[in-house]
Amino acid sequence: MGQIRLDGIVKSYGKEVVVKNLDLTVQPGEFLTILGPSGCGKTTTLRMIAGLEEPDEGNIQLGDRMVFSRSDGVVIPPEARGLGLIFQSYALWPHMTVARNITLALKEKKLSKTEIAARLENALDLVQLTGYAERYPSELSGGQQQRVAVARLIALRPSILLMDEPLSNLDAKLRTEMRASLKRLHRDLKATTVYVTHDQIEALTLSDRVIIMNEGKIMQEGTPFEIYHHPANIFVAEFIGDPGINLFHGVTKNSTLDCGDITVPLPENLASADRRLIAAIRPEKVLVSETEKPGWQKVSTEILQPTGADTILQVRIGETSITLLQPGFITLAEGSKLWINFAPDSISFFDPETQDNLRSTAD
Amino acid sequence: MAPVSRTRDRPAFWSLRNFSYQAYRLKNRPELIIGVLALVFLGFVVMVPLLQIIKEAFTFQRYDLAYQPDGNVGGFTLLHFDRVFFQPISKALFFKPLINSLMMGVAVTAIALVVGFSLAWLMVRTNVHFKGTFGAMLVFPYMMPSWVMALAWLSLFKNDRIGGSEGLLTYMTGTQVPDWVAYGYLPIVFTLAMHYYAYAYLLISGALATVDSELEEAGATSGMGKWKRIRVITMPLLMPAIGSAIVLTFIRILGTFGTPALLGMPVRFFTFSTQIYASINARNQGDAYILALVLIVLAVSFIWINSRIIGVRKSYVTMTGKGFRKHESDLGKWRWPAAIIVILFLCITVALPLILLLWESLTLIPGNYSLSNLTSYFWAGQGNMQLAYGEPGVIHNRGILEALGNSIKLGFAAALFNGALGLLVGYAVVRGRGARLSRWLEAIAFAPYIFPSIALGAIYIGMFSTNIGPIPALYGTFTILILITVIKNLPFTSRTGIAAMLQIHQSLEETARVQGIGWFRRMFRIIIPLSMSGLVAGMLLTFITAMRELSLIILLISPGNNVLTGLIFGYQEQDMAQHSAAVTLMLVMFIILISVIVRLMSRRAGVGKLSVV
Ligand SMILES: Nc1ncnc2c1ncn2[C@@H]1O[C@H](COP(=O)(O)OP(=O)(O)OP(=O)(O)O)[C@@H](O)[C@H]1O
Ligand SMILES: [Mg+2]
């Protein structure tokens, strides 16, 4: 039970192909996040799993049940798919109390009165809303409404959970809190979960596995660690990480990459003459010194953005601007000199033609 | 677990697999099923009748044998066409009614617009006294049949032209009122305008109230002068409302029957609507069909011309809820005079007609307005062969009470079916947005708007006088009255339904679907409760319109299915002024009573709790 399998899914609206030949398997009990920029087809994918949209091509299996197959002529409606879905807007029914919001579907399933009451109590308890059963949604805060939506899912006990940006309407602080409680929910229900977001922090913190999507195609799938440290292509490298990764376009010269204002050390397998490459290094991986060191490159500070625990520095060398991330609350005068260097094993290299990663960093 | 086969090929169109896929799909999308059913139903009740009368108009009918004994019954003929347009009789049959209808339509629309606009401006944009009371009173004419003013006019100005009693003026002064005051063009235009201003007022005041905030912002930032602001900002924003007020009024005037019948026919002043009625009474249906078609063509071209001039694609917005009042300008020393003018106006359009009718209904000998002539006979009398052909008073009159029952039944049935149909059409249109089906459905639900009432009635005679397939001949039944009322009100209710459905975010239904809640439960537990307040308002309007309607059903009523409006018209034709006055008052009382009850009940039901998240 609980496995989700998408196979060759194609979906278009009019002429625009929104999802292009998507293959995807989610293991039972796994927490999978689909991450991608706005409009890349995340919601569409999720809605196809739920049955709210119909693919043009392909198969969808939930557990060992085929719920959609264009070629076999199978379309199981959402009502019969037995899964749980949380919308970005929570979709609480405004004319019903919290209790009725939670129990309506249970009554439809013809559960016994005592069973319904027990599930209601249990669900409210889990989301810490005991005592709110008789309120109307409009009498709750955003976070509380969100928790009612979660409680509605808990009470139904589906083996598959789908969530579409469930935290995007909350303020930053509440979001962090709710993130933890969603993780707990997943652990308690042991449900296979597909979580859609364009917030990479949610993706990295919550997931067992992340799928990066762009323009209807999967760009990379892997654990959060793999995604962050071994981006498969430039799109993923640029999309993940805040502040964003530094990219340097250059030409190989012996064992270095000449990027004009700076040079980047090359690993041996890429050392060849006159090859165009793109080097990428995360801001926190750049080595920084306040004093001159032999072989390090001198840069001047342009903009400092302390965020509290860390400081983002924008530095310049010639025409090239570089972003650095350093721990601590740094105060430096604008224009101060710094020296930077790159550790060879913290740099990724990409082919400018194919955009693919040529050698992953080993961390 | 079975491995998933990777066949990418679509099954062939005729294959069983494709068939099962399409069947599953359809089951998955209730809005498609509803949409198709609604489209078929509406196509049948709107489009088929239209085609039917076009066909009938060019078919040689049995009654045409009187004019052309060697004709081939059932064959193609241009006889009706020729008679309406190219014979000496065409002048009376077509050209005079055409000119009369157009002159009447233009004049009434112009007056109604000016009056409605001025009142709307006073009520929304100034600090005139007694706003709340006026606001409630000004829509009063909407609750009365359009010809109540005409009845009142007759009790005031009737002369000896058609025999029978005379009006109050003749009674007081002893001189005969000239014909051109008592009957014909002038009184028709005046009495109609004093009814139809209410539509213009409702539409324009709604628009004015919503324009306000935009106006304020723009005015504050640009430093424009007051008149320039009105010209540059307010008027363009009001144009859609003005446009729809014009179209609405004009089409209604073209199709209105009661007033031209009461005030025009006695002096042989015919409009299209009364000419259609006369032709059908003379058993010349063919002529009537041609005239009805001309009327439809007139209405369509008017909509077209109007949308060209006004320059808005949608020059037919319907009434919306009232907005908020802001930005009132101070009338200063004109506050009282303005209020007094409105009071006088209300006296003339609301109080005076009702008082005159009440008085009339209390006179024993018609035309004698002295106190000694007062009687309660026409309300409570048992029936006396000396008086009014022995017709008993209202409360003992089985015919009247039956017609009252029918009217209420018609009102409720129309409201109920209209509510249901509006809801389903709204559901199918909104859920299916973007698809062709949705657009067609929206268009066809709007189509009855372009049929002037009397023309739609004529169409329905043509259609339902014989049985069509499994559907029996509906002529003379109560069903046909319900059907035509529902269809005529559909443009309005489907718009209400669409607006209500647009308010309900689709995720509210989708979340229920995913939780395994079936379609019927979703409708009754979620969709209907959430659209209730809009639906009730729409249904109430349908109820009111159905109760007071005459033009639409005059061609379809018979003693077996008579309603109050038809009964009143019958009394009037037989010159039984007291009965018609008493029954009219009773009708108006019931309409007001029931609307008040519905308003109170829907408020009690806690509609206020529904804030859309
Ligand atoms: N009903 C629809 N009709 C037409 N186009 C649609 C429809 N729904 C989505 N699209 C288009 O499909 C593409 C993918 O939409 P989708 O909602 O899946 O994006 P998303 O990844 O969820 O984006 P976001 O992060 O903004 O929610 C978009 O270009 C969108 O415009
Ligand atoms: Mg989305």
Candidates B:Ala473, B:Ala499, B:Ala537 - the one that is among the small types (Gly, Ala, Ser), open to solvent by 50 Å² or more (accessible area, probe 1.4 Å) and within 23 Å of B:Lys409 (Cβ to Cβ): B:Ala537
Which numbered condition A:Asn233 misses (of (1) at pLDDT 90 or above; (2) away from ligand 1 (no atom under 16 Å from the Cβ); (3) within 22 Å of B:Gln515 (Cα to Cα)): (3)
Filtered residue count, region A:25-43, keeping only those that are open to solvent by less than 30 Å² (accessible area, probe 1.4 Å), under 17 Å from A:Pro166 (Cβ atoms) and within 12 Å of ligand 2 (Cβ to nearest atom): 4
Candidates A:Gly308, A:Gly335, filtered to the one that is farther than 16 Å from A:Ile245 by Cα, open to solvent by less than 40 Å² (accessible area, probe 1.4 Å) and within 25 Å of the chain's Cα centre (by Cα): A:Gly308
Any hit, region B:548-555, residues being charged (D, E, K, R), at negative phi and crowded, with 18+ Cβ neighbours inside 10 Å: yes
Residue that is nearest to ligand 1 (Cβ to nearest atom), among those in region A:152-178 that are closer than 24 Å to A:Thr97 by Cβ and open to solvent by 40 Å² or more (accessible area, probe 1.4 Å): A:Asn169
Qualifying strands (runs of 3 or more DSSP E) (wholly inside region A:36-151; at least 2 residues being of a type outside the set (A, V, I, L, M, F, W, C), facing another protein chain (nearest Cβ under 7 Å) and more than 16 Å from ligand 1 (Cβ to nearest atom)): A:57-62
Condition check for A:Lys11: within 16 Å of ligand 2 (Cβ to nearest atom), more than 20 Å from A:Val236 (Cβ to Cβ), in contact (Cβ under 8 Å) with a residue 24 or more places away in the chain and not aliphatic (A, V, I, L, M): yes
Exclusive hit being among the aliphatic types (A, V, I, L, M) and closer than 30 Å to B:Asp287 by Cβ, set B:Ile395, B:Ile454, B:Ile400: B:Ile454
All positions within region B:510-520 that are crowded, with 22+ Cβ neighbours inside 10 Å and more than 7 Å from every other protein chain (Cβ to nearest Cβ): B:Ala512
Region B:433-456, residues that are in contact with a Ser or Thr (Cβ under 8 Å, 6 or more places away or on another chain) and open to solvent by less than 10 Å² (accessible area, probe 1.4 Å): B:Ala445, B:Pro452, B:Ile454
Residue ID - farthest from B:Phe95 (Cα to Cα), chosen from residues in region B:278-294 that are under 23 Å from the mean Cα position of the chain (by Cα) and among the aliphatic types (A, V, I, L, M): B:Ile280
Matching residues in region A:8-24 - criterion: being within 10 Å of chain B (Cβ to nearest Cβ), within 22 Å of A:Val74 (Cβ to Cβ) and open to solvent by 10 Å² or more (accessible area, probe 1.4 Å): A:Val10, A:Asn21, A:Asp23
Where a residue in region B:121-135 is touching a residue at least 12 places away in the same chain (Cβ under 8 Å) and its partner, wherever it lies, is of a type in the set (S, T, N, Q), with Cβ under 7 Å and at least six apart: B:Met123/B:Ser205; B:Val124/B:Ser205; B:Arg125/B:Ser329; B:Thr126/B:Ser329
Which listed residue, of A:Leu92, A:Leu106, A:Leu129, A:Leu111, is under 19 Å from B:Gly516 (Cβ atoms) and without any contact (Cβ under 8 Å) to a residue 40 or more places away in the chain: A:Leu111
Evaluation of A:Gly51 against (1) within 16 Å of ligand 2 (Cβ to nearest atom); (2) surrounded by 20 or more Cβ atoms within 10 Å (Cβ to Cβ) (one fails), failing number: (1)
Matching residues in region B:283-303 - criterion: being open to solvent by 60 Å² or more (accessible area, probe 1.4 Å) and at pLDDT 85 or above: B:Val297, B:Val300
Filter result for A:Ile227 (open to solvent by less than 10 Å² (accessible area, probe 1.4 Å), of a type outside the set (Phe, Trp, Tyr) and at pLDDT 90 or above): yes
Residues of region A:20-32 classified as in a strand (DSSP E or B) and either modelled with pLDDT of 95 or more or away from ligand 1 (no atom under 13 Å from the Cβ) (or both), total: 7
Set A:Leu126, A:Leu140: member being within 18 Å of A:Phe87 (Cα to Cα), at pLDDT below 95 and out of contact with any strand residue (DSSP E or B) (no Cβ under 7 Å at 6 or more places or on another chain): A:Leu140
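The values are calculated or read from the model by the stated rules, or taken from the named source; none is laboratory data. Computed from a predicted structure; not experimentally measured. In this analysis, Cβ positions are derived from the backbone assuming ideal geometry, glycine residues included, and neighbour counts consider all displayed protein chains. The area values use the complete protein model at the heavy-atom level, side chains included, leaving out ligands, DNA and RNA. Shrake-Rupley method; radii C 1.70, N 1.55, O 1.52, S 1.80 Å.
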